[in-house]
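Below: one structure, written as structure tokens.
All of the numbers you see were taken from the coordinates with simple rules; none came from a lab. Every value quoted in this text rests on a predicted model; they were computed, and no experiment measured them. Here Cβ is always computed from backbone atoms with ideal geometry, including for glycine, and neighbour counts include all displayed protein chains.
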Amino acid sequence: MISKIKRSISYLLAVMVFFVLICALMPATVLADEGDTGTTDGWKWTEQTDGTLSITGHTNPTGSLILPASLAVDPGETVYRYVYRIEDNAFDGKVQMTGITLPYSLRSIGNGAFSRCSELESVNMSNCSNLESIGDNAFMGNTALGPWGSSLETVIIPDSVTSVGEGVFSYCCSLTSVTLSSNLSNIGDSMFYSCSSLTSVTIPGSVTSIGEAAFEASRLTGIVIPDSVTSIGDASFKSCTSLESVTLPTNAGFTGIPDYAFQDCNALTGIMIPASVASIGRNALEGCSALNAINVHTGNTHFSSLKGVLFDAGKTRLICHPVGCSGSFDIPGTVISIDDYAFAGSDCLIGVSIPEGVTSIGDYAFYNCRNTALTEIIIPQSVTSIGAGAFDGCRSLEEITIPEGITTIGNHTFNNCSNLSKITLPESITSIGSCAFLACENLTEITIPEGVGSIGNNAFSFCFGLRKVDILNSSMSFGSDVFKFTAISSDGIYGFNGSTAQTYAQAQSPSIPFHYLYTVSFSTGGGSWVSKIIAVAGDKIMAPAVPTNSGYNFGGWFKDEACTIAWDFDNDTVTGNITLHARWTQTIVNIAAIPGVTAPARGAVPATTITETAQYIGSVTWSPADNPFAAGTVYTATVTLTPKDGYTLNGVGENFFTVAGATSVSNAANSGVITAGFPATEAAPVPTYALTITAETGGSITRGSSGNYAAGTVIDITATASANYSFNKWTSTGGGTFGNANSNSTTFTMPAGVATIKASLTYNGGGGSDRDGGSGSSGGSTPPAPVKHTSTYTAVVTGTDTAGNILEITLPVTVNTNTGSAAIDIGSGQGNIVTGGGNAAITIPSIPGVTDYTLDIPVAYLSMSGGEGALTFNTNTGSFTLPADMLAGIAGVEGKKVGITIGQGDKSGLPEAAKAAIGDRPLIQLEVTVDGKQTDWNNPNAPVTVSIPYTPTAAELENPESIIIWYIDGSGNAVSVPNGHYDPATGTVTFTTTHFSYYAVGYNKVSFKDVAADAWYSKAVGFIAARNITAGANNGNFYSEAKLTRGEFLVMLMRAYDMEPDTNPKDNFTAAAAPIIQATWLLQRDWV
């Protein structure tokens, strides 16, 4: 039995030991419940849901404490729990703590955990590799103790921390050094607020935002905000009075500088606005007293800078003038608004120029600009708005004029402008705000315009010198203490009887003296406007500016409308409201010279009105009533004047007026009817015609000269024969009559047309004169050979002769510089280079002073009937191509030499119409002589081709089809040559002719109303019209769509080939008689 009991006891003891061992090995969680609190080694804790501990305090928080990573939850046991958190406000206000070392296990520090621990000198987080967050105000200093509110000097936040709350180190006044976590994403609001010993901090590249007031009132000397930051909060660096430099982020996400961001950073001298910034907040740089330049990145599209002053991109807004920028500043003309606080605090500003175009000045724009040199600011007339406090504190400002258009003087606008002694308010002002002129100590008087309806509280309080105020609105409302602490009782308020100003003055205690004002108005009776005058009862007034009224004389101001009682400005006083009236008298006309009427001129159109003057208008009639004025006629003009308003003819003297060019002018007294007589107009011109007087070889004209003569003029003429010659007779081309055509000395009566008269002479044998004026001698009846002048010029003959041989010949050129002529002679030595098929060209070089060139050639060379071959003669005057049969069929020239001359023609003897047609274009003369005697040549079967060098004008080149050849006929008329045309390849105008005479280059552009310039046939129509092949219809149209009759076609065909109609067309074949007769009839009338 005993043994059984022993065995039972042993078993029981074994079970108990086993149970104790099992309990010892079980986790601690089974020993404490969630939410349990306790104290271990003085550390107060609360158990968390995960079994970790949160520290809530210490039983003896003095000195420097070391918080373990884990604590035993039951005394005397070996079970420990990790410390993960320090609870909110755990050590708040524990002023005897001097240090704390935090464990590696710590995950977070709660809000206000160590706030107001004013003696806390160190926080050791070097082992806190698991710490992730620090709560709001965690280490905030004791604000009640001011500079002594915290002893914490150095803090190192481990890299494990990613977020911190607001105000974590605010008011840590002893904090000098802080190292931030390299993984920190944000700097919270007020994190270093009022850390007055903190001079530097490095913001890691992980930070993307900086909170409001984050560094406000710290002692940072410089700050580099990394490019990772995309936003900073309001006032983030406000009042950092030691901050000298700032580097802002340049990333595209950083788009704005917030309100008050750098306000009152007194040491900041400059700042660069990055390209990404699109907004700058209110007062962001206000109060930075050392700031002398705000620069803007050139890539910024929202802002710009000029001389360190900040503007919007287009420089239409002036945003900020740096406070530290000294001297005067001229605002650019592009600016239209000055922002709020733009110049605020600019004590270094000594002058500012505001341009016309600025329309608004913002609130407090020039606040506290106190430099003693800033005595005046001129506000341009373009300004329509001035903000509240705009000039508040401008203590040196002495005088200012508010422009018309401003309606409101806002609150504090001129507050504390202590030197302001004069201000002019415009009529447009409607209200004056509270304290608008508060403490303007030097202001002695002011006039408040009629439009002002209200004055705010204390508007003129503390204006110690203010003695007199004129109030021109009878119903204005007054705020409280408007004139408190002023000198107004020494003079008073001036206003109208029964006005609210009178009521206000009398209601004050003591009452303010009140004086009556009266209005003097001015009625100008149609004259220019005159402003009313507000006068004090019993005062005299100064005369206003004299009004004007066109045409009237001002006669003074009068008390009655009838203008019988004059106002005496020297003696009369204002005793009530009154209107003065202007008296006017008319002005006597005093412009004597009648403009716009001049002496009549033959062919001019008579003037029917004069040129209007400032005093009158007028009409003109003429006797006789010719229009236009005729030739050789005496005219009389009657001018009738009508005075303008304000002018009168009463008082105009007799014969007062004058008329230019008149031989007599008269008018009755007080009359505007003027009679003017003029000399006779110019007689009609007598037409003149060109006369050419020449003599054949062997004589000269010794009396009479070529020139222009009127028809019927009798010219004395004499021809004198040379030795071996005798006078034969006078002949005329173009008409006219000789007194005796067989006498070498006679008279010639000029016909009504161009004429050429020639003295013919007979060679009698013996010595004689050659064509060049030389002399020689020979016997018999053969004229002497001409004496050749020496020459250094040679002509070149090229081409092929009749046998087909290539020609390479040079010929001497005989030059007569006295007559400006040159000649070459083709004799038998060269052989016949034309007849029989030869084609040769003779080229004479350009010879200075020579205009006429002659080719002497045997007649036989150009007399081959039906033969082939041609000879071209090239000169600088022109060229011609002679066919081999040019002289075929001409009798009496066998065995002789022919001279063919091309020379410049003389335009002086041509009629004016021909001169006008030719202009400055070339005129040539073609002439044929046989053995020295001029011979008329005309061979329809052997046309000569002529080319005249010509360079057209630019206008002519636009219409080259209008470049033509004029033939000057015996009457001096210019007749177009149908085949003449401009050849651009050779630069010549070329034509063919069968008779020699004068020919000229012309330009005859003809257009028709119904032929458009861009029509496909326009050039062709212009070509035939320029050559008179067609004249179109007689109404200026061409009628290109009309049918062409056979008769009309024949007319154009005949004109194109220069064919003359038969004298009796009925003799032609009968079938075509009708169209031929029609064509002849049309040709005679020039109707096609």
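Numbers at a glance
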read-out	value
nm² value of the averaged projected area, convex hull over the Cα atoms of the range 520-588	4.6 nm²
Computed over the chain: relative contact order in percent, which uses C-alpha pairs under 8 Å that are six or more apart	3 percent
Longest to shortest principal axis, alpha-carbon extents of the range 394-527, angstrom	48, 34, 21
Gain in span if fully extended, GLU612 to SER454, counting 0.36 nm per residue against the direct Cα distance	51.4 nm
Global size of the chain as Cα Rg and Dmax, reported in angstrom	60.5, 212
Sequence-distant residues sharing a close amide H with HIS981 (under 5 Å, placed H)	THR990
Exposure proxy order (Cβ contacts within 10 Å, fewest to most) of ARG85, ARG467	ARG467, ARG85
Theoretical gain in end-to-end length, SER126 to THR579 [0.36 nm per residue, Cα-Cα removed]	153.6 nm
FRET E, pair LYS559, SER511, Förster distance 51 Å, beta-carbon r, rounded to 0.05	0.90
Cβ-Cβ FRET estimate between THR503 and HIS302, R0 fixed at 35 Å, reported to 0.05	0.05
Order by protection proxy (mean Cβ within 10 Å, highest first), peptides 520-526, 942-948, 433-439	433-439, 942-948, 520-526
Reachable lysines, given that their alpha-carbon falls under 18 Å from the alpha-carbon of LYS44 and they are not under 8 places away in the same chain	LYS94
Anchor LYS238: aspartates and glutamates whose Cα lies under 17 Å away (excluding residues fewer than 8 positions away in-chain)	GLU166, ASP189, GLU212, GLU216, ASP259, ASP264, GLU286
Cα-projected label distance for ARG602 with SER475, points at 7 Å along beta-carbon direction, nm	8.3 nm
For PHE656, distant residues with modelled amide H under 5 Å away	ASN667
Euclidean distance of C-alpha centroids, the range 948-1005 and the range 91-136, integer Å	116 Å
Nearest 10 degrees, 0 to 90: helix 2-25 Cα axis against the chain principal axis	30 degrees
Rounded tilt (10° steps) of 1073-1085 against the dominant C-alpha axis of the chain	70 degrees
Cα centroid separation - the range 873-915 against the range 186-242, whole Å	109 Å
Surrounding net charge for ASN371, when Lys and Arg each add one and Asp and Glu each subtract one, Cβ distance under 11 Å	+1
Surrounding net charge for ILE280, when Lys and Arg each add one and Asp and Glu each subtract one, Cβ distance under 13 Å	-4
5 angstrom amide H check on SER231, placed H, neighbours 5+ away	ILE210
Separation of the LYS933 and THR202 label points, Cα + 7 Å toward Cβ, nm	12.8 nm
Segment GLU376-ALA630, length gained on full extension (0.36 nm per residue, minus Cα span)	83.9 nm
Net charge contributed by nearby residues that have their C-beta within less than 12 Å of TYR260 (K/R +1, D/E -1)	-4
FRET E, pair THR658, ALA252, Förster distance 60 Å, beta-carbon r, rounded to 0.05	0.10
Rg followed by Dmax, in Å, when the range 688-769 is reduced to its Cα trace	12.7, 42
Most to least packed among 294-306, 533-545, 411-423 [average Cβ atoms within 10 Å]	411-423, 294-306, 533-545
Whole-angstrom gap from the range 695-735 to the range 582-626, using each part's C-alpha centre	58 Å
Whichever lysines have a C-alpha closer than 23 Å to that of LYS559, once near sequence neighbours (fewer than 8 apart) are set aside	LYS532, LYS540
